[in-house]
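Colleague: Structure incoming, see below.
The values are calculated or read from the model by the stated rules, or taken from the named source; none is laboratory data. These numbers come from a predicted model, not from an experiment. Using ideal geometry, Cβ is built from the backbone for each residue, glycine included, and neighbour counts are taken over all protein chains shown. Just so you know, the surface numbers come from the protein's heavy atoms only, side chains and all, with ligands and any DNA or RNA stripped out. Shrake-Rupley method; radii C 1.70, N 1.55, O 1.52, S 1.80 Å.
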Amino acid sequence: MKESIIIIGANGQIGTELATALREKFGIENVVTSDIREPQNLKDGEIFETLNVLDKSAIESLFQKYKPTQVYLLAAMLSATGEIYPQKAWDLNMNGLLNVLDLAVEYKVSKIFWPSSIAVFGPHSPKTNTDQYCVMDPNTIYGISKLAGERLVEWYQENRGLDIRSIRYPGIISWKAEPGGGTTDYAVHIFYDALKKGTYECFLSEDTALPMLYMDDAIRGTLQLMDATKESLTIRSSYNLTGVSFTPKELAEEIKKILPNFTITYSENDPRQAIADSWPASIEDSPARADWNWKPAFDLAKLTVDMIENLKTNKI
Ligand code: AKB
């Protein structure tokens with residue numbers, strides 16, 4: 001079957017690279033990117049539509065125009081910005097999702113991808129090897145909206161017949177588009193500053209371990225989940241997924257192996273520290289491994305080399 005794909009929120013860190021991968025896989029003419037922001041550069045043949053996910057009738061017009069078989073909903077406000085603008089975060093993260101789900105039912109969209117996050121876990125969740133099903137008491141608006149979203153997603157599958165696939169992304173590390181508004185963003189900023197200034201002031205303490213995933217793995221995993229047969233999926237809310245866990249200190253040590261003069265300092269009293277402290281240090285993702293053969297390819301050493309090489313060659 002010929003696919004028609006719409007990505008909503010396509011100009012962010014993940015959308016930028018997912019769009020490239022989907023265009024390669026399904027053809028440039030079959031992938032429509034949309035975002036509230038204009039893209040920085042649109043290549044020949046690429047289709048872009050300006051869209052606010054809170055404008056349901058605008059989404060409906062896109063669905064009428066392109067008759068999507070697959071929709072990727074990436075528009076969201078992340079953890080740190082969400083704490084500054086809680087009402088806006090709730091509105092965007094919940095009503096954006098509801099708009100898309102309702103229209104997906106009406107327009108019979110075959111498959112939807114919606115990302116959840118490790119932010120669904122909270123202070124009483126197990127700290128290490130946090131498993132799929134455990135105490136979940138998120139204490140950020142972002143985490144609360146993602147956990148509510150997971151419940152909605154499962155409800156729409158059981159009661160409205162949708163096929164929705166989802167991953168609880170950890171921090172995503174990438175060099176093509178920078179992240180914005182997240183707690184795990186330090187793990188990208190550190191590379192830019194290491195190359196530009198030789199030093200980085202980290203907003204998390206040196207021993208704050210968090211689960212992370214390199215973008216290449218994130219994209220491969222997302223496509224693998226979307227390709228899996230419906231029957232193979234035992235989790236219809238959102239899959240735990242991880243690549244590697246490390247602390248800012250461990251990352252800095254790895255960077256120093258390539259840039260020996262790099263130095264790092266740590267700021268105190270940053271509000272993102274409390275968010276990071278409420279999240280797991282590492283994730284257990286055996287259901288993803290068993291159901292759709294998930295296996296990350298990038299460890300800390302490999303992603304560090306790849307980030308520095310690509311930023312040097314392509315960006316800085
Ligand atoms: C954030 O830090 O808010 C995000 C996430 C882990 O979902 N990167």
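Colleague: Can you tell me which of (1) within 17 Å of Ser166 (Cα to Cα); (2) open to solvent by 20 Å² or more (accessible area, probe 1.4 Å); (3) in a helix (DSSP H, G or I) is the one Leu22 doesn't meet?
Modeller: Leu22 satisfies all of (1) within 17 Å of Ser166 (Cα to Cα); (2) open to solvent by 20 Å² or more (accessible area, probe 1.4 Å); (3) in a helix (DSSP H, G or I) except (2).
Colleague: Let me ask another. Is one or more of the residues making up the stretch 32-45 part of a loop (DSSP other than H, G, I, E, B) and either surrounded by 22 or more Cβ atoms within 10 Å (Cβ to Cβ) or of a type in the set (Gly, Ala, Ser) (or both)?
Modeller: Checked the stretch 32-45: at least one residue is part of a loop (DSSP other than H, G, I, E, B) and either surrounded by 22 or more Cβ atoms within 10 Å (Cβ to Cβ) or of a type in the set (Gly, Ala, Ser) (or both).
Colleague: Next question, about the same structure. Just one of Glu250, Glu254 is more than 19 Å from Tyr72 (Cβ to Cβ), in contact with a Leu (Cβ under 6 Å, 6 or more places away or on another chain) and assigned to a helix (DSSP H, G or I); which is it?
Modeller: On the way: Glu250 fails: in contact with a Leu (Cβ under 6 Å, 6 or more places away or on another chain).
Step by step, each of Glu250, Glu254 is checked, and only Glu254 is more than 19 Å from Tyr72 (Cβ to Cβ), in contact with a Leu (Cβ under 6 Å, 6 or more places away or on another chain) and assigned to a helix (DSSP H, G or I).
Colleague: Across the stretch 141-175, what is the total count of residues that are away from the ligand (no atom under 16 Å from the Cβ) and not aliphatic (A, V, I, L, M)?
Modeller: 11
Colleague: For the stretch 121-235, please list each of the strands (runs of 3 or more DSSP E) lying entirely inside it that holds at least 1 residues being surrounded by fewer than 22 Cβ atoms within 10 Å (Cβ to Cβ).
Modeller: Those strands (runs of 3 or more DSSP E) span 199-202.
Colleague: If the Cβ limit is 9 Å and pairs must be 6+ apart or interchain, which residue in the stretch 153-179 that is farther than 20 Å from Leu223 by Cα and among the basic types (Lys, Arg) pairs with which residue that is more than 13 Å from the ligand (Cβ to nearest atom) and not in a strand (DSSP E or B)?
Modeller: Arg160/Leu101; Arg160/Asp102; Arg160/Ala104; Arg160/Val105
Colleague: Let me ask another. Which one is surrounded by the most Cβ atoms within 10 Å (Cβ to Cβ), of the residues in the stretch 262-316 that are more than 27 Å from Cys134 (Cα to Cα) and of a type in the set (Val, Ile, Thr)?
Modeller: It comes out as Thr304.
Colleague: Hey, could you check the stretch 273-298 for residues that are within 16 Å of the ligand (Cβ to nearest atom) and of a type in the set (Ser, Thr, Tyr) and say which is farthest from Ile173 (Cα to Cα)?
Modeller: Among them, the one singled out is Ser278.
Colleague: Something else about it: Taking Leu78 as the residue in question, decide whether it is open to solvent by 30 Å² or more (accessible area, probe 1.4 Å), within 27 Å of Ile5 (Cα to Cα) and within 15 Å of the ligand (Cβ to nearest atom).
Modeller: Judged against the criteria, Leu78 is a match.
Colleague: I'd like the full set of residues that are within 14 Å of the ligand (Cβ to nearest atom) and in contact with a Lys or Arg (Cβ under 9 Å, 6 or more places away or on another chain), limited to the stretch 81-124.
Modeller: Thr81, Gly82, Glu83, Asn93, Trp114, Pro115, Ser116, Ser117, Ile118, Ala119, Val120, Phe121
Colleague: Name every residue in the stretch 295-314 that is touching a residue at least 24 places away in the same chain (Cβ under 8 Å) and not in a helix (DSSP H, G or I), in order of residue number. Outline the logic, then answer.
Modeller: From the stretch 295-314, those touching a residue at least 24 places away in the same chain (Cβ under 8 Å) are 296-308, 310-312, 314; that's our starting set.
Pro296, Ala297, Phe298, Asp299, listed by residue number.
Colleague: What is the residue count in the stretch 265-294 for residues that are at positive phi and touching a residue at least 60 places away in the same chain (Cβ under 8 Å)?
Modeller: Of the residues in that region, 1 qualify.
Colleague: Let me ask another. Given the conditions (1) within 15 Å of the ligand (Cβ to nearest atom); (2) surrounded by 24 or more Cβ atoms within 10 Å (Cβ to Cβ), and given that Pro68 satisfies all but one, which numbered condition is not satisfied?
Modeller: Failing condition for Pro68: (1).
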